[in-house]
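Below you'll find the structure, written out as structure tokens, and then a few comments.
The values are calculated or read from the model by the stated rules, or taken from the named source; none is laboratory data. The structure presented is a predicted model; accordingly, all values stated were derived computationally and were not measured. Cβ placement follows ideal geometry from the backbone for every residue including glycine, while neighbour counts extend to all protein chains displayed. Areas reflect the complete protein model, heavy atoms only, side chains present, ligands, DNA and RNA absent. Shrake-Rupley method; radii C 1.70, N 1.55, O 1.52, S 1.80 Å.
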Amino acid sequence: MPRGDKGAYTDKQKRKAGHIEEGYEKRGVPKSEAEGRAWATVNKESGGGSKSGSGRGKPDTHVSSSRGGKAHKSGSPEQRSAAARKGWDTRRKGGG
């Protein structure tokens, strides 16, 4: 099978790569870069093409897609700052 051939991938993996690629393109990543990142993500989650071979039947990890490309921060900077001040006041008063 020539390098770059996607014949060993399931239809679901191909659809997933397409959706990931679209997301990268919406964020301004060039098409060739977006395609490479999308397939790298699919490979990381599912261990590569799943149609035949020893890796078939293992569950996908979904580690990469759970991240979503953003750090998990709750609230705006102002809300986080207010929460930090409230925590500081509580600790200073000995309430927690």
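Identify, please: which residue in the stretch 61-95 is open to solvent by 100 Å² or more (accessible area, probe 1.4 Å) and modelled with pLDDT under 85 and is, among those, farthest from Tyr24 (Cα to Cα)? Restricting to residues being open to solvent by 100 Å² or more (accessible area, probe 1.4 Å) and modelled with pLDDT under 85, the top hit is Lys93. Filter the stretch 1-45 down to residues that are of a type in the set (S, T, N, Q) and either open to solvent by less than 40 Å² (accessible area, probe 1.4 Å) or not in a helix (DSSP H, G or I) (or both), then give me how many there are. Looking only at that region, the number is 3. Remark: pairs (first residue in the stretch 9-31, farther than 16 Å from Lys51 by Cα; second residue hydroxyl-bearing (Ser, Thr, Tyr); Cβ separation under 6 Å; 6+ apart in sequence or on different chains) = Ile20/Thr41.
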